[in-house]
Each structure stands twice: as structure tokens, then as C-alpha cells.
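What follows is a short report on a single structure.
The values are calculated or read from the model by the stated rules, or taken from the named source; none is laboratory data. Please read these numbers as outputs of a predicted model, since none were measured by experiment. FYI the Cβ positions are ideal-geometry reconstructions off the backbone, even for glycines, and counts take in every protein chain you see. Calculation scope for accessible area: heavy atoms of the full protein, side chains included, ligands and nucleic acids excluded. Shrake-Rupley method; radii C 1.70, N 1.55, O 1.52, S 1.80 Å.
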Amino acid sequence: MAGGGCSCCVQLYGFLFEYDTPRIVLIKSRKVGLMNRLVQLCILAYVIGWVFVWEKGYQEFDSVVSSVTTKVKGIAVTNTSDLGVRIWDVADYIIPAQAENAFFVITNLILTQNQTQSRCPELPDKKTICKSNDDCKKDFAGTHSNGIQTGNCVPYNRDVSTCEVYTWCPVENDTFLPEPAVLKDAENFTVLVKNNIWYPKFGFTKRNILPNITADYLKNCQYSRTADPFCPIFRLGQVVKDSQQDFQEMAIQGGVMAIQINWDCDLDRRAANCVPKYTFRRLDNRESDHNVSPGYNFRFAKYYKDASGQESRTLIKAYGIRFDVLVFGTAGKFDIIPTMINIGSGLALFGVATVLCDIIVLYFMKKKNYYREKKYKYVDDYELGSSESYGTGS
């Protein structure tokens, strides 16, 4: 106990009355000196090249706030046995008329005309084919049923009978999808994309219709990645082509496309240098080994009433391409605070060179004991006499 107590007293005495101070030792070694300069050079290149030049560490950054509106134009002509010759304009093929940061263009469709609420045979499948009324359950409605079963088994055609349902008759038959697409001319439709951005931290606003764009120019221009990269009018076929896809193939079953607008702006330069960059890509999955439920489609109906008040409708199963306009980007501007923080961090990194060289000199070189003696020096209290050392009694 006495020895342990004495040891604790010595450690406490040393903690209270000893002081460590750095000692500079000049080591004349080509290997150590070259390694030290090489590490310092790498740190300097990192701080200047990566932190300040590439990452712009002297700037403060802000994320973009954006709004998007679109306007599609184009005319298509179809000639089918159901509709005859028909003109399709924007009111026909853009559903809905306005959407948030997106628009949908019908490219293919299945029409079921003159539907009224009555009784008719269900489409034949494993659950609806019947041979007698016993095979049909009254008031039953399955997940994929078109209506409610009446309990009767009625002929669907000469070969097959199915359960009768109360629904909108005749029921839709979407087994056969038109190929090529009904509105294959949608490839030539154009869309005007109007995009306004705001960087609130810097109070900076701009839009993708640049100041040098005139009304006459806007009527005639069309976006081209090389020839006209700042025109905000896009041909739908070219958008799909620039994403390495085939429009006519995509038009049959539909899909989802992205029009990406990138606003990366350096506000230390002129505002005219802050311009949009457009890119395109297909978003829906088209893996050849897993092609379940491909494309994009939905249903809607147009309702009518005749003079007698009888209601009817035309059911449309619309296939098409949804274009999502995605806006992203950051803006940077000089600020003294991030500049000083990164300069301080860079200066602190220079201590890595000293630590690395100390480790090699003190632990790995042949003369490590000699260098350790030169680096560390133990000094006793001058007032107590040079021969006195801690831990010895008087």
C-alpha cells in the first residue's frame, strides 16, 4: 500500500509540475527531407486543386427552387374502321390539360364506343367461361371483373359462353393492341417548356427563355444538342431519340421519359453565364428479361346523353408517354466564412507531413534510437539542482 501510494504521489507530482514543450530538430537526411516535401506537395495540390478549384471551397452554395409549365402543339390524322378519318389536336391527346411538372401525350388507344349500362356477356377467361347457370354466382364481382354477375350463363360467341354481368355494355376488349400506334404522328409534336428558377439565398432569378430569345425566334427554333442547345421547344421524337430509344416502338405501349434541366451556376461570374443544360432519359424499366406490365396506360371516358335522356359513354384505354420535367442544380457565390474555414483546414493538414515523417524517423529508420535522443530532452528543475530527479526523497 505504501509503495502504491508513493507511486501515485509521484505521478500526481509529475502531472502538476511537469511541462512539455515542442523541440525543433533539424534532420539532414535526403530521404526524410524528400518525403516531407512530397507529402506537403500532395497536400497543397489537394487544397488548391480539389478544395478550391474543383469544389469551389471559397463559395457558399444554395439549391434551386423551380416552377415548370408546358405547352404541347401538333396535329395528327387517323383513319380507322371504328372512327373513320379523324383529326386529333391538343385537346384530344393531352390528358389532363395541365399537370405539375409533367405532361402526358396519347400515342395509342383502344376505343369502346356507345357503352350503356345494361346486361351483356363477360369477357372469356378461366373464371368467367361457363357451361350452365350453376357456374355463375349471382352478385359476384371479382377483382378483374367488368361488372356484377347476374347468375346467367349466356353465349359470348359461337364457341364460348360466359357469365352475364350488369355493367357498361359492350365490355371493353383490350386483348389486341393496335400496331403501329394509332397516333404514330405524335413523334412530330413539339412542346414548349417554360422554367423559372430562384436561388433565395442570393436573390437570383432566371428562366430558360433567355434574354436574347425573341418572339420571332421562339416561333421557329427547335432544340438541338449541337445546333441550338438553348431553344426551349422540343420535338418529342428527338427527345426520345436523344435518350437512345425508338419512339415508334415506345408509342405502342407507352412509357415514361424525363426532360432534365440542370442549373449549375457560378454567381461570381456574369449572370449571362448561368444557362440551362438539357438532358433526356427513359425512366420506366425496360429490362428484356423481366417485361411484366410494360409501358404506361390508363382509362378515361367521355359521357353523352341523347334526346330521351339515355346516358352512354365512349371508354378510352389510353397508352402514351408521360414526360416528367425534372429541374435540379446549385449556385455558388464567394463568402469569406467557407474560404477561411477551408484555408484553416488546409494549413492543419500540413501537420500530417510532420507526423508521418516523425513516425518513420522514430520507428522505422536504422538510426531511430539516435534520432529519438536528439528529438527528446529531459530537463530537471533548475531551482532544485541539476542532480536532483523526481521520485527521490531528501
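Condition test on R30, is it modelled with pLDDT of 75 or more, loosely packed, with under 12 Cβ neighbours inside 10 Å and more than 30 Å from F189 (Cβ to Cβ)? It would help to see each step written out before you state the result.
Values: modelled with pLDDT of 75 or more: yes; loosely packed, with under 12 Cβ neighbours inside 10 Å: yes; more than 30 Å from F189 (Cβ to Cβ): yes.
In short, yes.
May I ask you to say which residue of D268, D358 is in a loop (DSSP other than H, G, I, E, B) and either at pLDDT below 95 or on the phi > 0 side of the Ramachandran plot (or both)?
That would be D268, the only listed residue that is in a loop (DSSP other than H, G, I, E, B) and either at pLDDT below 95 or on the phi > 0 side of the Ramachandran plot (or both).
Determine whether A258 is assigned to a strand (DSSP E or B), among the small types (G, A, S) and open to solvent by less than 30 Å² (accessible area, probe 1.4 Å). Write out each step before concluding.
On the way: assigned to a strand (DSSP E or B): yes; among the small types (G, A, S): yes; open to solvent by less than 30 Å² (accessible area, probe 1.4 Å): yes.
Answer is yes for this residue.
Consider segment 210-222. How many of its residues are open to solvent by 20 Å² or more (accessible area, probe 1.4 Å), of a type outside the set (S, T, N, Q) and within 18 Å of K277 (Cβ to Cβ)? I'd like the intermediate steps shown before the answer.
So in segment 210-222, the residues open to solvent by 20 Å² or more (accessible area, probe 1.4 Å) come out as 211-220, 222.
Right, trim to of a type outside the set (S, T, N, Q) and you get 211, 213, 215-219.
Among the residues that remain, those that are also within 18 Å of K277 (Cβ to Cβ) are: 211, 213.
Count: 2.
Here's a check for you: in segment 120-146, which residue that is open to solvent by 100 Å² or more (accessible area, probe 1.4 Å) and of a type outside the set (D, E, K, R) is farthest from T162 (Cα to Cα)? Please lay out each step first, then the result.
Taking segment 120-146 first, the residues open to solvent by 100 Å² or more (accessible area, probe 1.4 Å) are 126-127, 131, 134, 137-139, 143-144.
Subset that is of a type outside the set (D, E, K, R): 143-144.
Working: T143: 17, H144: 15 Å.
Ranking the candidates gives T143 first.
Inspect segment 197-208 for any residue being part of a helix (DSSP H, G or I), open to solvent by 60 Å² or more (accessible area, probe 1.4 Å) and of a type in the set (A, V, I, L, M, F, W, C) and give the result as yes or no.
To start, the set of residues in segment 197-208 that are part of a helix (DSSP H, G or I) comprises none.
No, segment 197-208 has no match at all.
Is there any pair with a first residue in segment 1-26 that is within 23 Å of K377 (Cα to Cα) and open to solvent by 70 Å² or more (accessible area, probe 1.4 Å) and a second that is in a loop (DSSP other than H, G, I, E, B) and at pLDDT below 75 whose Cβ atoms are under 7 Å apart and which are 6 or more apart or on different chains, and what are they?
Short answer, once both residue conditions are applied: Y13/Y390.
Quick test of your reading of the structure: K194 fulfils all but one of (1) within 30 Å of S132 (Cα to Cα); (2) assigned to a strand (DSSP E or B); (3) open to solvent by 20 Å² or more (accessible area, probe 1.4 Å). Name the failing condition by number.
(1)
Taking segment 91-113, which residues are in contact with a Pro (Cβ under 8 Å, 6 or more places away or on another chain) and among the aromatic types (F, W, Y)?
F104
Could you tell me how many of the residues in segment 277-327 are of a type in the set (A, V, I, L, M), in a strand (DSSP E or B) and either touching a helix residue (DSSP H, G or I) at 6+ places or on another chain (Cβ under 8 Å) or over 30 Å from T69 (Cβ atoms) (or both)?
2
Quick check on T339: is it modelled with pLDDT under 95, surrounded by 12 or more Cβ atoms within 10 Å (Cβ to Cβ), among the hydroxyl-bearing types (S, T, Y) and within 30 Å of N273 (Cβ to Cβ)? Spell out the reasoning first.
Values: modelled with pLDDT under 95: yes; surrounded by 12 or more Cβ atoms within 10 Å (Cβ to Cβ): yes; among the hydroxyl-bearing types (S, T, Y): yes; within 30 Å of N273 (Cβ to Cβ): yes.
When the stated conditions are applied, T339 passes them.
The rows are residues; the columns are (1) under 49 Å from the mean Cα position of the chain (by Cα); (2) in a strand (DSSP E or B).
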| site | (1), (2) |
| --- | --- |
| R119 | yes, yes |
| K127 | yes, no |
| K131 | no, no |
| G142 | yes, no |
| T167 | yes, yes |
| T175 | yes, no |
| A181 | yes, no |
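Looking at this structure, is D134 closer than 30 Å to L236 by Cα and of a type in the set (D, E, K, R)?
Details: closer than 30 Å to L236 by Cα: no; of a type in the set (D, E, K, R): yes.
Considered against the rule, which asks whether it is closer than 30 Å to L236 by Cα and of a type in the set (D, E, K, R), D134 comes out as no.
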